[in-house]
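Here is the structure we will look at.
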Amino acid sequence: MINADEGPTLNARETYLRDVYPVLAPPVSERYPLVSLTPQAGYKPLGQQRLLMAVALTGTGKSTALDIVSRRLGGRGFGVIPTRREVADWIAIPLAQHWAGEKLAPAPDRVKRFAYTRRFAQRVEGGMAAAFSWLNLADDYEGALLSEGIRGENELRYALRRFPNWRIVELALHPLARLRRLSARGEAFDRAAGLADISFLPLELRDEAAALLRAGEISEQALAITRAEAANYGLQPFADGDAYRNYQRLDIDGCAPAQVADRIIEILQRPD
């Protein structure tokens, strides 16, 4: 295995800082004044920080739950560092475009975004978990640090092994419940081109999914997004989570966002 600070991963970061960042000039300092994408005095790599990372697939409700957590903590914690979407926009997607010789441009279509982040993960061990570790946080920041940003077995295993100060909380929701939620939420970012293909679902769920599609309870767009995401990150929670002391899985079927927030706060407030 390649260490995070050597080999292709280091070369990828050097390429990003040399060839991509100066062209892109992402406004990280404007939105996140405590964060730097370039190493500098007074900042430490995010991989060394104490961080609670909520992990979940699209449509699980993690962002809503973390917003509630942050409000209950007095507005602290969530929003100090960029989200997965922003880290993808500022690091993974433009670097993948650079490698492909493409013009650096926003990628609003979720299916295309999954393709870019997959290309990034093929070149950078740990994928988006490694991209998050490229962030640097100001030394003088104190207090809770919350984020949502990694997905899938490879990213979780990388983070759990490399960043022992991170506490990973995975929110697990039944695939059809996620599809219903994703179909109903009406978020402008949920754009995807693709067919209403249910073949990626387990056999025992396909008949029910087809019936829900006919009834209009799940949408073709939600299926396209979930299918593309499953190709990158699977459909099931991290199977080996029990082997890591800094991992916890929360099964949230039937839970309202406020209930999920209660459980995240309880984990956050536990002593190490």
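The values are calculated or read from the model by the stated rules, or taken from the named source; none is laboratory data. Since the structure is predicted, the reported quantities are computational estimates derived from the model, not experimental observations. All Cβ positions, even for glycine, are placed from backbone atoms using ideal geometry, and neighbour counts span all protein chains on display.
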Filtered residues of segment 120-138 (kept if under 17 Å from Val28 (Cα atoms) and more than 12 Å from the chain's Cα centre (by Cα)): Ser133, Trp134, Leu135, Asn136, Leu137, Ala138
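Just to check your reading of the model, which residue among Leu182, Leu195 is in a loop (DSSP other than H, G, I, E, B) and at pLDDT below 90? Walk me through how you get there before you give the answer.
On the way: Leu182 fails: in a loop (DSSP other than H, G, I, E, B).
Exactly one of Leu182, Leu195 is in a loop (DSSP other than H, G, I, E, B) and at pLDDT below 90, namely Leu195.
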In segment 143-179, the residues that are part of a loop (DSSP other than H, G, I, E, B) and among the small types (Gly, Ala, Ser): Gly143, Ala144, Gly149
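Could you grab me the full set of residues in segment 41-58 that are outside any strand (DSSP E or B) and of a type in the set (D, E, K, R)? Write out each step before concluding.
Initially, segment 41-58 is screened for residues outside any strand (DSSP E or B), giving 41-42, 46-50, 56-58.
Result: Arg50, single match.
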Ala130 vs. criteria part of a helix (DSSP H, G or I), in contact with an Asp or Glu (Cβ under 9 Å, 6 or more places away or on another chain) and under 24 Å from Leu17 (Cα atoms): yes
Tally, over segment 208-224, of residues that are among the hydrophobic types (A, V, I, L, M, F, W, C), surrounded by 13 or more Cβ atoms within 10 Å (Cβ to Cβ) and out of contact with any Gly (no Cβ under 8 Å at 6 or more places or on another chain): 5
Flag if Arg119 is at pLDDT 90 or above and assigned to a helix (DSSP H, G or I): yes
Residue count for segment 101-142, restricted to those that are charged (D, E, K, R) and surrounded by 14 or more Cβ atoms within 10 Å (Cβ to Cβ): 8
Conditions (1) under 26 Å from Val69 (Cα atoms); (2) out of contact with any Lys or Arg (no Cβ under 9 Å at 6 or more places or on another chain): number failed by Tyr247: (2)
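Give me a count of the residues in segment 64-111 that are assigned to a helix (DSSP H, G or I) and more than 28 Å from Arg181 (Cα to Cα).
7
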